[in-house]
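Below: the structure, in C-alpha cells.
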Amino acid sequence: MASPKPTAPTGPFPPTTLHILIVGAGFAGLSAAIECHRKGHRVTLFEKVSSIEDITRYGDIISFDPNGSRVFEKWIFSSDPSPSEGGSGAYEGKGISVAERMEALARQTTWLDLFHYQGEFVTRQGFEREKKWGRRINGHRGELHRLIWEFVESKKGKGGIEVRWGVRVLDYFEGEGDATDQKGGGGYAGVVIKTEDGKEEKVTGDVVLAAEGVRSRGRKLVLGLESDEQPKSSGYAVYRAWFPSEDVVAKNPVTKHLVENGDQHQGFIGPDIHFLASSIKNGSEINWVFTHIDDGNIEESWQFPGKPEEALTYLEGWCPVVRELVKATPPGRLIDYKLVYREPLPTFVSPKGRIALIGDAAHPFLPTSIQGASQSIEDGSVVAACLQLAHHSNKYGQLAKEQMVPTALKAFEKLRYERVHKAQANGPKMRERWHKANWDGPDGVWNNPERIWLMREEWLLGFDSEADAYARWSEVVEEIRKEEKGKNVVELDERSGKAKL
C-alpha cells in the first residue's frame, strides 16, 4: 500500500498506538503533553508537587515570543458546552485560543524605553513590526501557567491526558524487545516512581520525555553519567519581584509615572547590571528584575528569598526611580535566583533512543535571551510531530516498529539541536551588550542608541517549529539513515517503497 502524504500540521490527527510518558508539569512538560495528545498519542504526565497551585501561586514576568505563542494559537477552548471525549479531534472547531486568553492577561505595550542607570533617557525600541510574526506575550508566570493547565483540564474524559500529581520519579529505564506481553517487540521506556504514600511503582510506555528542569534525573541516563551532576553557577544572579502597585508605587511621586498611564516597560543599563521594570493590568501590578554578578554557591539550591535592603547594595549611585521601586517591594515578594550554567549537551536522546530531554533539562537559557520559555514550547511541538510522522511511516511499511521511536527522537534532536544552541548564544551576547556598554565616543551608545536594543531577528521569532518539522522530516530521516548506515532506520526498497525487513 502506497503511503499518502503525512497528515498536515493543522490536523485533525488520527489516534496512534504510542504511549508517551512525560516527567514534569512545567511549560515544557505541559506543552509536550498537549501537543502529543493533539497528535493522537496517549499521554501520561507525572509531577512531583501535589497540585497546580504549588506551581502557580508564585512567579514573576515570563515572555513568549511569536515563535512560541504561535503554538498556543492551535490550542482552542471549545465553545461547545458538551463534554469533550478528549481525543485529538477535540482541538478542532470554533472557540477562543489559549493565545487570545493569554494576551488578555499580558502587558499591553509595544515598546521598551531604555535609560542610563543614572536616569537619563536613551532610546525607545518599538516592536510593532513583529506583529507579522505573531503575538508577543509577557505576563505573570503563574497566571499563564495556570491558563495552560486549564486547557489540559479541558481535555479530560475518554482518551484525555492523564496527570498524576504528587509523584516523584526515582529513575528512568529503556529497553529493546518486549517490556510486557502487550508491547509486541517495539521497544519500551519507562520510569520508576514513588507516590505520596511512599509506594514505588514501575510505569512503562513507548517514550519518556524528561521535562523536569536542569536537575532532571533523565540527564543521568541520557548522558551516561554514573551519578547525578550538580549545576554550576553562571557567575550571575537575578532578583525578581512582582506586587500590587497601589499601596506604595502609585503614591510615590518618584515612581507613580510607571503605573498611572497604563502599562509601561522600562530598562536601566549600568555597569554589570541591567534593571527591567514593567507595569501590567493597566498599571495595577508591577514587576522588576535585575541581573548582577554573583559568586554565590548553588550546590544545594539556586533560589532564595530576597531582601530589598540587600538588593539595594548593588544599586549604589543608581537613579531614584530604580531605588524607590526596590524599596517599595513588600516582604515575601522578592526572590534571589541564581542563574545556572550548563555546557551544551552532546545529545538530547538516550543510548537506545527512547528517552529525550526537553526544555531546561536539555538547554537552560539565560533571561537575556528572552527565549527559554518559547524554545520549551517549540520542543513540545516538534517532538510530538516527529512521533506522529514516525508512526505514520510505520503504518505504511516505511519504518519498522522497533525503529519508530528511535527515529522520531533522533529526528527531533536534529531539528532542534542547532537552532536551540544558536538561540542560547543570544543570552550571553545580550548580557554583554548591556553590562559592558560603551557609552562615549563616536561609536558609543549616546551616538548610536540602537547598540543597546534587544536582538529581535526573523530567523528566531518568525519561525514555525511544527511546519518546519513536517517540511524537513524526510530529509532528516535520510540523514539519519546515511549516518547510521541503516542500523537504526529501515532501508526502503526502491521499487515498492516498502521497508526491507
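The values are calculated or read from the model by the stated rules, or taken from the named source; none is laboratory data. Keep in mind that what you see is a predicted model, and the values were worked out from it rather than measured. For neighbour counting, all protein chains shown are included, and Cβ atoms are generated from backbone atoms with ideal geometry for every residue, glycine included. These accessible areas exclude ligands, DNA and RNA; they are computed on the full protein's heavy atoms, side chains included. Shrake-Rupley method; radii C 1.70, N 1.55, O 1.52, S 1.80 Å.
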Lys, Arg +1 and Asp, Glu -1 on Cβ, resulting dipole of the chain about Cα centre, debye, nearest 20: 1020
Compare Asp171, Asp65 by solvent-accessible area with a 1.4 Å probe and give them largest first, with all protein chains kept in place. Asp171, Asp65
3J(HN,Hα) from dihedral phi, segment 314-323, Karplus parametrisation 6.51/-1.76/1.60, rounded to Hz, x for glycine, proline: 7, 10, 4, x, 7, 5, x, 4, 5, 5
Net charge near Leu147 (other residues with Cβ under 13 Å of its Cβ; Lys, Arg +1; Asp, Glu -1) is -2
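Excluding Lys414 itself, what net charge comes from residues whose Cβ is under 15 Å from its Cβ, given Lys and Arg +1 and Asp and Glu -1? Display every interim value, and only then the final one.
On the way: positive: Lys410, Arg416, Arg419, Lys422, Arg472, Arg481, Lys482; negative: Glu378, Asp379, Glu413, Glu418, Asp468, Glu475, Glu478, Glu479, Glu483, Glu484.
Net charge in that neighbourhood comes out at -3.
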Listed residue pairs exceeding 27 Å between alpha carbons, taken from Lys39/Lys485; Lys395/Lys482; Lys199/Lys220: Lys39/Lys485
So the carbon and sulfur contribution to the accessible area of the chain, 1.4 Å probe, in percent, is 48
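In a shell of Cβ-Cβ distance under 9 Å around Thr195, excluding Thr195 itself, what net charge do Lys and Arg (+1) and Asp and Glu (-1) give?
Details: positive: Arg164, Arg168, Lys194, Lys199; negative: Glu196, Asp197, Glu200, Glu201.
That works out to 0.
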What number comes out for accessible area per residue over the chain if the probe is 1.4 Å? Units Å², please. 44
From Cα coordinates alone, what are the radius of gyration and Dmax values for the chain in angstrom? 23.8, 79
Using only the alpha-carbon atoms, how far is helix 372-395 inclined from the longest principal axis of the chain? Give it as 0 to 90 degrees, nearest 10. 10
Backbone HN-Hα couplings from phi across segment 257-272 [Karplus 6.51/-1.76/1.60, Hz, Gly and Pro as x]: 5, 6, 10, 8, 10, x, 6, 9, 8, 9, x, 10, 10, x, x, 6
Residue-averaged [θ]222 nm for the chain, counting only DSSP H segments that reach four residues, each worth -39500 (n - 2.57): -9000 deg cm²/dmol
Per residue of segment 99-114, what does 6.51 cos²θ - 1.76 cosθ + 1.60 with θ = phi - 60° give for ³J(HN,Hα)? Whole Hz please, x for Gly and Pro, Karplus curve as stated. 4, 5, 4, 5, 4, 5, 8, 8, 5, 9, 10, 10, 7, 9, 8, 10
